[in-house]
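The block underneath contains the structure these notes are about, expressed in structure tokens.
Every number here is computed from the coordinates shown, using simple stated rules; none is lab data. Computed from a prediction, not measured in an experiment: that's the story for all the values here. Using ideal geometry, Cβ is built from the backbone for each residue, glycine included, and neighbour counts are taken over all protein chains shown.
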Amino acid sequence: MSEPSPLLDVYPRLDIELASAHGCWLRTSDGREILDLYGGHAVTPLGHGHPELTRTLAEGHATLDFFSNSLHMPVQQRAAQRLLGGSDHLRHVHFVNSGTEANEAALHLARRLSGRERVLSFDCAFHGRTLAALGATALSGYSQRLSVPRVADAYGTLRFGALEDVERIDDSVACVLCESVPSLAGVLMPPDGYYPALEARCREAGALLVFDEVQGGIGRLGRWFAHELFGVKPDMVTLAKSIAGGYPAGALLVSGELGARVKHGELGTTFGGGPLACAMIETVARVIDEQGLLARVEAIFAGLREHVGSIDGVTLSGAGCLVGLRTPLPAAQLRARLLEHQVLVGTSAEPQTARLLPPYVLEDAHIARFAEALRHVLGH
């Protein structure tokens, strides 16, 4: 009988022992090379082991490994400026360590600055596993994970894409928290005009508009911010996943008007905004810009649509490098069979929909290889 693992058994793990990774490839302990179309769960926009990130870590650690937010560090200013991406309405950044922390910070500010308590979110959304973020997570099953009862009337849901529900935003609502593209729910895209209508109603009711772009932001949809794709200007945006190329980091971005109302001590973190994290954020943003990767992201989706979307029985949803893949096979079965062809994809809470969250450096040859493997799996 083998010894129990020292790791707490909370993750259902695939039967893969990972030894190393480079570019868009994973190498296993038994010597296999697997094409990574899951991107470390949307975390590696530049692929694995990018030389610029390796250099940044080495030089950053040798220069300034860590200090708290009690001192000025120019690398924080540079990272924040890069992260804002030239936005004409977002002005300030608060660094944290993860997406759920960024959402917690956004919910705190929304409630305090509005003087209201109620938060509305989508019926299919996922926002994190800490208490406030989990309270706003309406995706089936996740609310059951709350360790304390949900406060009555503190949360409510809108049906994603249902214009008639927009009228439920009233003067009791502190904010509407929008998962820009509900990913775990199956990569759902809003109908045309939905987000502008929701934004207009928030303005009428005095509710803040918060975009959770933890997966959809920093180029993943082919725009720097997901909300740019939908033509709206949220009051706050939350980011994580891709922003530091695998280094743990998250951020809350706020408008100039809101930023002027935030006081010392309103938010805080020990590790958020550490110099190494900020150096990685700065590098990721710079490389995306210098290598024109936003255009590449759009080209990747076009390539997938051409080579994969044309396969009988396959439909694609999403945009850029956030893609839902619906096939006749259940997603878990599809993933297992694709692994036999050395291709890794993700699943979702929608049983028939797999997810592709690849690096922005995915090549045309990778797409062709994936399409060939998918045809074999589906018997075409």
Original post:
What is the gain in length, in nm to one decimal, between Asp289 and Ser20 on full extension, counting 0.36 nm per residue of separation less the C-alpha to C-alpha distance?
Top reply: 94.1 nm
**OP:** With just the Cα atoms of segment 273-380, tell me how far they stretch along each of the three principal axes, in Å, largest first.
**Re:** 49, 26, 23
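Averaged over all directions, how much area does the convex hull of the C-alpha atoms of segment 64-290 cover when projected, in nm²?
Average projection, Cα convex hull of segment 64-290: 12.2 nm².
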**OP:** Would you tally the net charge around Gly217, using a Cβ to Cβ cut-off of less than 12 Å, leaving Gly217 out, and scoring K and R as +1, D and E as -1?
**Re:** -1
Subject >> segment 52-101 - Rg and Dmax from Cα coordinates, angstrom >> reply: 12.9, 36
**OP:** Counting only DSSP beta bridges with both residues in the chain, tell me the antiparallel percent, nearest 5.
**Re:** 60
Original post:
To one decimal place, what Kirkwood hydrodynamic radius in Å is obtained for segment 121-164 from all pairs of distinct Cα atoms?
Top reply: 10.7
Subject >> Tail beyond 39 Å, pair distance distribution of the chain (Cα, percent) >> reply: 16
Subject >> Least to most buried among Ser2, Ser183 (fewest other Cβ within 10 Å first) >> reply: Ser2, Ser183
Original post:
What's the Cα-based Rg to Rh of segment 212-361, Rh via Kirkwood?
Top reply: 1.04
Original post:
How high is the relative contact order of segment 64-290, given as a whole-number percent (alpha carbon pairs under 8 Å, six or more residues apart)?
Top reply: 29
Subject >> Stokes-Einstein translational diffusion, segment 124-200 - Kirkwood Rh over all Cα pairs, 0.890 mPa s, 25 °C, in µm²/s >> reply: 183
**OP:** Would you calculate the separation in nanometres between label points at His41 and Ala368, each defined as 7 Å from the Cα along the Cα-to-beta-carbon direction?
**Re:** 3.4
**OP:** Extending each Cα 7 Å along its Cβ direction at Arg129 and Arg32, get the distance between those two points in nm, one decimal.
**Re:** 2.5
Subject >> Neighbour net charge for Leu90 - beta-carbon separation under 12 angstrom, K R +1, D E -1 >> reply: -3
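Helix-only mean residue ellipticity at 222 nm, the chain, DSSP H runs n ≥ 4 weighted -39,500 (n - 2.57), per residue, nearest 500. What is it?
Helix-only estimate at 222 nm: -10000 deg cm²/dmol.
Cut-off is 10 Å between beta-carbons; in what order do Glu33, Glu372, Glu104, Glu179 appear when sorted fewest neighbours first?
On the way: Glu33 11, Glu372 14, Glu104 24, Glu179 29.
Lowest count first: Glu33, Glu372, Glu104, Glu179.
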Original post:
For Thr353, what charge total do you get from the other residues with a beta carbon under 12 Å from its beta carbon, if Lys and Arg give +1 and Asp and Glu give -1?
Top reply: +2
Subject >> Relative contact order [Cα under 8 Å, 6+ residues apart], the chain, whole percent >> reply: 22
Original post:
Relative contact order, percent, of segment 2-52 when contacts are C-alpha pairs under 8 Å separated by at least 6 residues?
Top reply: 27
**OP:** Would you please calculate the Kirkwood hydrodynamic radius of segment 288-346 over all C-alpha pairs and express it in Å, rounded to one decimal?
**Re:** 12.6
**OP:** Using the number of other C-beta atoms within 10 angstrom as an exposure proxy, rank Thr44, Thr63 with the fewest first.
**Re:** Thr63, Thr44
Original post:
Cα centroid distance between segment 319-380 and segment 153-230, in Å?
Top reply: 27
